[in-house]
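Here the structure comes first, spelled out in structure tokens, and everything after it is commentary.
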Amino acid sequence: MARRMDEIVARSMAKWPDVPDVYGWLSLDRRGNWLIRNEKIGNRALREFISRNYQPDARGCWFFQNGPQRVFVALAYTPLVVHLEGGNAADALFDHCGRPFEAQQAFVDEEGSVLMLGKAGIALLDDRDLAAYADRAQGLPAITRLAAPGRFGFVAHPTP
């Protein structure tokens with residue numbers, strides 16, 4: 001699932017190909033907020049830059065390509081977080097990076113959280129949208145939080 005990255009990122013990767021990866025600095029919370037060392041990133045331009053250059057590797061570890069450096073992301077739950085654009089169950093879904101998300105299947109976990117599977121991968125429905133989605137959530141297949149990474153092929157806490 002390769003995504004188009006910023007041109008400046010591609011150029012810097014070619015110029016400096018052997019920059020070491022970074023672990024333990026960047027994370028994604030359950031509402032789709034980027035955090036550096038557990039502090040929410042307030043700068044909009046930085047959040048958008050991270051979002052444009054966010055993708056998985058072959059292991060299922062999600063990272064932000066920061067120039068020539070991969071900054072791996074610790075996930076509070078899933079690699080994507082989706083929200084309903086207008087807060088209504090009939091509204092379109094968008095992921096935390098601002099991209100449209102088309103859910104193909106949904107699941108509910110033991111905590112009542114809703115996970116949605118789409119072409120982009122597995123996503124957690126933002127808890128602020130659970131009430132709008134509640135009627136649709138009846139009868140969804142169950143999944144446990146611990147089973148989600150293995151079933152959907154992602155690593156919640158990447159390590160070297």
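The values are calculated or read from the model by the stated rules, or taken from the named source; none is laboratory data. None of the values given here were measured: they were computed from a predicted structure. Every residue, glycine as well, gets a Cβ built from its backbone with ideal geometry; the counts of neighbours run over all protein chains shown.
Observations on the structure shown:
- When each of ILE122, ILE143 is tested for being buried (at least 20 other Cβ atoms within 10 Å of the Cβ) and β-branched (Val, Ile, Thr), the lone residue that passes is ILE122.
- Exclusive hit being basic (Lys, Arg) and assigned to a strand (DSSP E or B), set ARG128, ARG70: ARG70
- Restricting segment 97-119 to residues that are closer than 18 Å to ARG52 by Cβ and in contact with a helix residue (DSSP H, G or I) (Cβ under 7 Å, 6 or more places away or on another chain) leaves a set whose member that is surrounded by the fewest Cβ atoms within 10 Å (Cβ to Cβ) is GLY98.
- Lone qualifier among ARG47, ARG70 - being within 30 Å of ASP21 (Cβ to Cβ) and surrounded by fewer than 20 Cβ atoms within 10 Å (Cβ to Cβ): ARG47
- Counting only residues that are free of Cβ contacts under 8 Å to residues at least 60 places away in the same chain and outside any loop (DSSP other than H, G, I, E, B), segment 100-125 holds 16 of them.
- Filter result for ASP57 (more than 21 Å from HIS157 (Cα to Cα), among the acidic types (Asp, Glu) and surrounded by fewer than 16 Cβ atoms within 10 Å (Cβ to Cβ)): no
- Tabulated pairs, segment 138-160, first of a type outside the set (A, V, I, L, M), second surrounded by 17 or more Cβ atoms within 10 Å (Cβ to Cβ), C-beta under 6 angstrom, 6+ apart or interchain: PRO141/PHE107; ARG145/ASP109; PRO149/ALA156; PHE152/ILE122; PHE154/PRO79; HIS157/ALA74; PRO158/CYS61; PRO158/PHE72
- Pick from segment 76-87, criterion outside any strand (DSSP E or B) and in contact with an Asp or Glu (Cβ under 9 Å, 6 or more places away or on another chain), ranking: farthest from ARG59 (Cα to Cα): GLY87
- Here segment 28-67 is the region considered, the condition is being in a loop (DSSP other than H, G, I, E, B) and within 20 Å of LEU115 (Cβ to Cβ), and the residue that is farthest from the chain's Cα centre (by Cα) is GLY60.
- Checked across segment 88-98, the condition of being without any contact (Cβ under 8 Å) to a residue 40 or more places away in the chain and outside the structural domain of ALA148 (by TED's automatic domain parsing) holds for no residue.
- Counting only residues that are outside any loop (DSSP other than H, G, I, E, B), of a type outside the set (A, V, I, L, M) and within 20 Å of the chain's Cα centre (by Cα), segment 133-153 holds 6 of them.
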